[in-house]
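> Below is the structure I would like to discuss, written out as structure tokens.
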Amino acid sequence: MDNTDLLKELRIDRSQREDHDSDRRRWPWLVAVAALLLLSGVFGWLWLGHRAVPVRTAQAVAPSGDSEAGAVLQATGYVTARRQATVSAQITGTLTAVLIEEGERVRQGQVLARLENSGYKATLLAAKAQADAARALSAQYQAQLAQAIHDAARLRALATRGLVSKQAAEQAATQVGSLRAQLASQRQQARAAEAQAAVAQVNFGYTVVRAPFDGVVTTKDAQVGEIISPLSAGGGFTRTGVGTIVDMNSLEVDVDVNEAYIGRVKPDMRAEAVLDAYPDWRIPAHVIAIVPTADRGKATIKVRVALEHKDARIVPDMGVRVSFLEDRPSAAAQVPQGVLVPATAIVQRDGRSVVFVLDGDTVRQHVVTPSAQAWGDLRLLPAAVKPGDSVVIAPPAGLHDGSAVQVKKP
């Protein structure tokens, strides 16, 4: 082989050179697309991982040294009024005046509203007039009877002396008997007329709505011009009450106690109530009665608790937590160490009990060991959480240490 043949072997074909150049130009584009996809995935993962998770929180509180140490059980409930009434009229009529407002204190017998009364007033006046006429006629018969008695006595005397016939004397005596019967009948009619007047007076009195007892107006349910009736007429055009009155001296607490712990509660047992609205105010209380029926759906039994101190801050339907106390608390009882948190704040992660504590806009996971002691809906955490910390209630499954959160408003 000569030099010419060797040169031909070393020559690169044009088509192979063009393919090589095309592959070299394509690589930068492929690298750029791969890098873009990688960055998009990273940014998507970061955005999803740091998106704020909506959560609800509750504050961890420290047990009380005065009452919680002697508490054998805790339960939650609401303030209720044993004496309250939706005040209505006993007749159907149109309101011409409504004299109450929400929050106003009223006294027993105070006028709350008035109904249109022209028809009842006319009926009352007519009944009174009939009663007056019946009494006047009775008086007339009384006078006639008196005159007839005198006439009969004279005729009897004259008949004895033979000056008049015996028949005239007998007719006079018969007249006396007849007038006596008419007087008795008229007196009965007068009584009936007086009774009708009394009925008309009662019906006229029904046009005025009065307070049945001392209390506070909690709702005003009707306005001037509306029709009120003791019976519901349907259609939404007839009111069945003017307003609701609550006797604030009858306020007490109804709590639901789990039937598994009802054996710890006894009648007249000492207790202490704490309103949700005033967590630092402890109200002495005692058990009134254990209602002898159970709620099948909730597996609870209702317990009535009396508040020994009444205050204007206590209003119906307020949330309250009741601690049932030992009859004789031990002098050596100590305050439990730790904090109380809702039981729903404690969840399982990797076989361990944890709570999530709010830290700014994120949460921190804390491993905890809850106490075995029952505190109603609360659980005692001896460590890991401090009083005042906000813990997440019912943490979602995707929540983890460091997750961004957004606290829901209650």
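Each reported figure results from applying straightforward, stated rules to the coordinates on display, with no laboratory input. Values in this document were obtained by computation on a predicted structure and should not be read as measured data. Because the Cβ atoms are built from the backbone with ideal geometry, glycine has one as well, and the counts that use them run over all protein chains shown.
> Enumerate the amide H contacts of His286 below 5 Å, restricted to partners 5 or more residues apart or on another chain; note that Pro and chain-start residues carry no placed amide H.
HN-HN under 5 Å from His286: Ala271, Ala306, Glu308.
> Tell me, in nm to one decimal, what length is gained between Ser118 and Ala52 on full extension, where the rule is 0.36 nm per residue of separation less the Cα-Cα distance?
17.0 nm
> Also, quick follow-up: Ordered by packing density, taken as the mean number of other Cβ atoms within 10 Å over each peptide's residues, highest first, how do 112-121, 283-292, 244-253, 260-269 rank?
Ranking, from highest mean packing down: 244-253, 112-121, 283-292, 260-269.
> Follow-up question, since we're still on this one. Order these peptides, 74-86, 305-317, by their mean beta-carbon neighbour count within 10 angstrom, highest first.
Working: 74-86: 18.1, 305-317: 14.6.
Packing order, densest peptide first, comes out as 74-86, 305-317.
> Starting from the Cα-Cα distance between Lys266 and Thr369, subtract it from 0.36 nm times their residue separation and give me the gain in nm to one decimal. Let's see the in-between values first.
Numbers: separation 103, 0.36 × 103 = 37.08 nm, distance 3.14 nm.
Length gained, Lys266 through Thr369: 33.9 nm.
> How far is the Cα center of segment 189-263 from the Cα center of segment 294-310, in Å?
Here the two parts' Cα centres lie 27 Å apart.
> Hey, another quick one. What distance in nm separates the simple spin-label points at Ala195 and Arg156, each placed 7 Å from Cα in the Cβ direction?
About 3.5 nm, to one decimal.
> If R0 is 45 Å, what FRET efficiency do you get for Ala394 and Leu231 from their C-beta distance, rounded to 0.05? Intermediate values should be presented prior to the final figure.
Numbers: r = 46 Å, r/R0 = 1.02.
My answer for the efficiency is 0.45.
> If r is the Cβ-Cβ distance from Leu125 to Ala312 and R0 is 35 Å, what FRET efficiency results, to the nearest 0.05?
Numbers: r = 46 Å, r/R0 = 1.32.
That pair, Leu125 with Ala312, gives E of 0.15.
> Roughly speaking, what is the stretch gain from Ala139 to Glu170, that is 0.36 nm per residue apart minus the C-alpha to C-alpha distance, in nm to one decimal? It would help to have the intermediate numbers written out before the result.
Values: separation 31, 0.36 × 31 = 11.16 nm, distance 2.50 nm.
That works out to 8.7 nm of additional length.
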